[in-house]
Amino acid sequence: MEKDARPNWDNPMQFVMACVSYAVGLGNVWRFPYLCQMHGGGGFLIPYLLMLFLEGLPLFYLELAIGQKMRLGSIGAWTAISPYLGGVGLASVVASLYLCLYYNIINAWSFWYLFHSFQSVLPWADCPMNYNRTGPIEECERATPTQYFFYRETLDISSSIEENGGIHTGQALCLVLAWMITYLFIVRGVKSTGKVVYFTATFPYVVLFIYLIRGVTLHGAINGVKYMFTPKMEQLANPTTWINAATQIFFSLGLGFGSLIAFASYNQYNNNFERQAIVVSLINSGTSIFASVVTFAIYGFKATVNYENCLERTRLLLLNTFSLAEDSISIHTTIEWTEKLNTTYPQQFAELTNKLENCDLESELDTAVEGTGLAFIVYSEAIKNMPVSQLWSVLYFIMLLILGLGSMLGNVTAIITPLRDFKVVSRMSNEFFNGLVCLFCLLLGLGFTTTSGNYWFTMFNDYGATFSLLFIVFIEVITVSYIYGIKRFEKDIEDMLGHRPSWYWKIMWAGTSPLLLFTLFIFYIINYIQGGTPTYQAWNKELGKSVVTEYPVFGQIFIGLLLVSSVSCVPLTALYVYCRKGKHGLHHKRQGTVSTVSA
């Protein structure tokens with residue numbers, strides 16, 4: 001495809017909306033609040049915002065600049081800078097492919113929950129009856145109704161990754177639906193995506209705002225919000241806090257996948273991407289904080305309900321054991337009466353030791369949950385206790401769907417755009433080629449709908465992109481700063497924007513960001529080695545909870561392949577180009593290098 005025939009966004013706002021829709025995803029709703037909870041509430045905002053300016057913004061700017069300058073997808077852009085670097089773009093495509101395979105299964109789960117929300121009683125509100133109709137199903141009694149619905153009804157999960165079963169028909173149909181909608185969103189490339197992003201970028205904010213109003217008016221919500229904004233400053237001395245802050249910024253902005261390069265390649269040459277990089281990065285981080293307030297309000301409500309239910313069970317136990325009048329103990333005086341009765345009747349009270357629960361609001365709030373556990377279990381448990389729970393369930397899962405589908409636009413674009421830069425693919429119509437990519441991902445993704453599919457989902461989520469993305473972006477920033485050269489890059493930016501980047505950007509690109517990425521990269525390797533045999537959470541239906549289980553040998557080999565497959569694209573491509581040049585006697589150092597303003 002010729003560069004001058006390349007389609008463009010209708011206006012700069014479409015590009016901003018596409019970036020916001022891509023960057024603001026499920027991680028903002030289910031991972032950032034978890035990190036806040038784990039690392040000292042409001043205190044986590046200090047390293048988080050610092051990492052935004054030291055790492056997030058500069059790298060976001062860099063990827064937009066490369067895409068807009070080269071007007072190519074990730075493979076073409078890096079090949080243009082140097083034929084030896086084509087593997088960087090190829091590694092991005094492989095990482096995006098892995099992400100596409102498992103990310104849409106989350107949207108399938110959201111569809112499943114959404115469809116089940118249109119019932120008079122939410123199906124995860126109570127345990128279903130057993131086959132004999134004599135009582136609740138034992139597995140559900142051992143767990144909770146929300147856990148049972150997720151693990152048994154939604155996933156029909158096996159007891160380990162080694163036990164495989166058939167495809168869950170309901171989940172498979174939901175996955176087909178998720179891919180059909182993804183295809184409709186991207187069917188005509190940037191022309192159809194540009195229209196869709198206005199909705200996918202704005203609607204989640206409408207729902208979050210509605211949830212904020214509802215959340216802060218819930219009983220006990222203030223307990224959760226107080227918990228979030230009460231900083232535990234001692235956490236700042238913990239290196240893991242800083243590592244997690246840097247990692248969250250990195251993945252939240254979607255760096256390294258090639259999506260930002262692809263989106264920017266459809267910009268007008270003189271588009272002001274500098275201002276857009278700042279705006280999108282700040283919107284993304286602001287959304288994380290905003291979503292955390294909503295989440296912690298829900299947390300507070302759920303924790304307070306659980307705490308008060310615990311007090312009520314204790315109250316009834318004391319009333320029955322000591323034959324007290326019904327109104328003699330209230331929920332508010334339960335703890336006081338527990339201490340009083342323990343002092344007055346020590347022998348009788350000692351018999352209750354095994355039956356008495358330790359009711360503590362703080363420990364309820366301390367229970368940190370992330371990912372699917374937060375999105376599909378904790379939130380579901382909170383929703384079932386709300387008045388008109390069906391309405392809040394429908395709203396919540398529509399929001400999750402829009403967030404997920406919005407991110408899928410960027411994920412699929414990161415695969416399609418670089419491939420369309422090849423002549424063979426560019427001859428195909430948008431509709432046909434985009435359909436092929438979606439069908440290919442759907443067929444491979446069906447593996448995640450089997451009984452052991454959730455364990456493979458966890459494997460892809462933990463190992464499919466993390467290591468490779470750190471490597472990819474590290475190579476990107478080193479390439480631009482020291483191979484392509486900061487001076488040449490400066491002149492390219494001046495040619496597009498009319499002014500050179502400030503000293504802040506140059507210091508970040510040349511020193512701070514590469515150093516941070518290298519530190520994260522080394523930390524990841526050390527952590528992986530010290531961690532021993534990789535483990536996962538396997539559902540034990542006899543216990544009604546997840547138990548830590550080691551991956552079998554084939555699982556460990558597959559993890560190794562996931563870690564190496566995308567990273568190996570960089571050296572293998574460079575080796576291929578070197579051998580090919582040697583074979584044909586092409587020794588011109590700058591053969592195929594892009595001509596720049598400074599050349």
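The values are calculated or read from the model by the stated rules, or taken from the named source; none is laboratory data. Note that the structure is a prediction, hence the values are computed from the model and not measured. For neighbour counting, all protein chains shown are included, and Cβ atoms are generated from backbone atoms with ideal geometry for every residue, glycine included. We work out accessible area using only protein heavy atoms, side chains counted, and drop any ligands, DNA or RNA first. Shrake-Rupley method; radii C 1.70, N 1.55, O 1.52, S 1.80 Å.
Rounded, prolate or oblate for the range 42-105? Axes are the square roots of the Cα gyration tensor eigenvalues, ordered a ≥ b ≥ c, and the cut-off for rounded is a/c under 1.5.
Details: a/c = 2.92, a/b = 1.44, b/c = 2.03.
The shape class here is oblate.
Extension gain, residue 233 to residue 557: 0.36 nm times the residue separation minus the Cα-Cα distance gives 112.6 nm.
Sorted into 10 angstrom bins from 0, the C-alpha pair distances of the range 111-188 split as 16, 36, 33, 12, 3, 0 percent.
Between residue 507 and residue 198, the modelled label-to-label distance comes to 4.2 nm, taking each label 7 Å out from Cα in the direction of the beta carbon. Got a number for carbon plus sulfur as a percent of the chain's accessible area, 1.4 Å probe? Roughly 62 percent of what the probe reaches on the chain is carbon or sulfur.
Per residue, the range 12-596 exposes 42 Å² of solvent-accessible protein surface, assessed with a 1.4 angstrom probe and all protein chains in place. Potential lengthening of the chain between residue 188 and residue 13 amounts to 61.1 nm, from the contour at 0.36 nm per residue minus the alpha-carbon distance.
Note that the range 512-525 has calculated 3J(HN,Hα) couplings of 5, 5, x, 5, 4, 5, 4, 4, 4, 4, 5, 4, 5, 5 Hz, one per residue in order, obtained from phi through the Karplus relation 6.51 cos²θ - 1.76 cosθ + 1.60 (θ = phi - 60°); glycine and proline are x. Note on residue 390 and residue 120: their simple-model spin labels are 0.9 nm apart, each label 7 Å out from Cα toward Cβ.
Quick check on my link table: of 191/487; 302/355; 423/583, which ones sit more than 32 Å apart, alpha carbon to alpha carbon?
Those over the limit are 191/487.
Note on the chain: with charges restricted to the Cβ of Lys and Arg (+1) and Asp and Glu (-1), its dipole about the Cα centre is near 2700 debye.
Placing a label point 7 Å from the Cα of residue 180 along the Cα-to-Cβ direction, the residues of the range 433-461 whose backbone N falls under 19 Å of that point are 434-447, 449. Each part gets one Cα centre, and for the range 318-364 versus the range 1-77 those centres are 53 Å apart.
Scanning the chain for GluC sites (Glu not before Pro) in DSSP loops with at most 16 neighbouring Cβ atoms within 10 Å leaves 358-541 as the longest stretch between them. Quick one: helix 553-567 against the long Cα principal axis of the chain, what's the angle to the nearest 10°, folded into 0 to 90? The answer is roughly 40 degrees.
The range 1-152 gives an Rg/Rh value of 1.13, both radii derived from C-alpha positions and Rh following Kirkwood.
Computed on the range 12-596, with alpha-carbon pairs under 8 angstrom and 6+ residues apart, the relative contact order is 34 percent. For the chain, build the charge dipole from Cβ charges (+1 Lys, Arg; -1 Asp, Glu) around the Cα centre, then report which of 182, 227, 242 sits farthest towards its positive end. My answer, from the dipole projection, is 182. Report the residues of the range 513-552 in range of a label on residue 162: point 7 Å along Cα→C-beta, backbone N strictly under 11 Å from it. Backbone N within reach: 550-552. Between residue 356 and residue 216, the distance separating the two model label sites (each 7 Å from Cα on the Cα→Cβ line) works out to 3.9 nm. Using just its DSSP H runs of length 4 or more, each adding -39500 (n - 2.57), the chain gives a mean residue ellipticity at 222 nm of -20500 deg cm²/dmol after division by all residues.
Computed from Cα atoms, the angle from the helix 334-344 axis to the main principal axis of the chain rounds to 50 degrees.
Compute the acute angle (0 to 90°) between the alpha-carbon long axis of helix 239-252 and the principal axis of greatest extent of the alpha-carbon atoms of the chain; round to the nearest 10°. Approximately 60 degrees, to the nearest ten. For the range 422-578, rounded, prolate or oblate, judged on the Cα gyration tensor with a ≥ b ≥ c (square roots of eigenvalues), a/c < 1.5 rounded, else prolate if a/b > b/c? Note, shape of the range 422-578 comes out oblate. Remark: the range 12-596 projects, on average over all directions, an area of 30.1 nm² (convex hull of Cα atoms).
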